[in-house]
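Engineer: Take a look at the following structure, please.
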């Protein structure tokens, strides 16, 4: 589904990621883990076309995406949930969800799509007319995920979804990630909660200083204390 080869990205003169190569098979949930500043978010942004200075190969569902604009990547079936939720605070929950279908060929079916999206997170269904900014941080994160999923993307990029969220809602969120995988959605997940992430993932890559330094099955990485101490200890 996704094949990244020799990916490099720069912010000005800063070489943020260096020759990153990784793959995500169709239907997999793959984790990208590492310390803060390792390059994980930049990798996701590069895949989505949000880094201006980027080189290398990004092949998604058989199409070369390098140089393609963000809307073309979205149209191909990529969705992205960035850090810190990024909902539109002055809009209602329903209006935020509608934003997720504006560019979809199925936008005439918006109400049916909202019904399906809120089935993932029933508490959103109870708050459709509520101003999004008045919800808790966890509920806003659920909204951001539901907005990304509403157009039924082939693959979703999730960046730190549990950050700043109470444990009860984190558990609920990760249950939904497992269900997304069961329904056939491919997922690339960046997550600081390594234990939870590896518990639901198929495979994982570890990044350090802008490069991939280790890759293995999630089960093997969860059991490898030396890897966690070397690359993941705070």
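Engineer: Within region 21-54, track down each residue that is more than 16 Å from residue 189 (Cα to Cα) and assigned to a strand (DSSP E or B).
Structural biologist: Matches in region 21-54: 53, 54.
For (1) out of contact with any helix residue (DSSP H, G or I) (no Cβ under 8 Å at 6 or more places or on another chain); (2) outside any helix (DSSP H, G or I), each residue gets a yes or a no:
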{"residue": "58", "(1), (2)": "no, yes"}
{"residue": "75", "(1), (2)": "yes, no"}
{"residue": "90", "(1), (2)": "no, yes"}
{"residue": "110", "(1), (2)": "no, no"}
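Engineer: Can we say residue 168 is in a helix (DSSP H, G or I) and in the same structural domain as residue 22 (by TED's automatic domain parsing)?
Structural biologist: yes
Engineer: Moving to a separate point now. Out of the strands (runs of 3 or more DSSP E) lying entirely within region 181-234, which hold 2 or more residues that are more than 17 Å from the chain's Cα centre (by Cα) and surrounded by fewer than 21 Cβ atoms within 10 Å (Cβ to Cβ)?
Structural biologist: Filter on region 181-234 gives 211-217.
Engineer: Right, next: Kindly establish whether residue 127 is outside the structural domain of residue 159 (by TED's automatic domain parsing), at pLDDT 90 or above and part of a loop (DSSP other than H, G, I, E, B).
Structural biologist: Answer is yes for this residue.
Engineer: Let me ask something else about it. Quick check: anything in region 195-208 over 23 Å from residue 170 (Cβ atoms) and either touching a helix residue (DSSP H, G or I) at 6+ places or on another chain (Cβ under 9 Å) or at pLDDT 90 or above (or both)?
Structural biologist: Yes, the conditions are met somewhere in region 195-208.
The values are calculated or read from the model by the stated rules, or taken from the named source; none is laboratory data. This one's a predicted model, so the numbers in the text were calculated from it and none came from an experiment. So basically every Cβ, Gly included, is an ideal-geometry build from the backbone, and we count neighbours across all protein chains shown.
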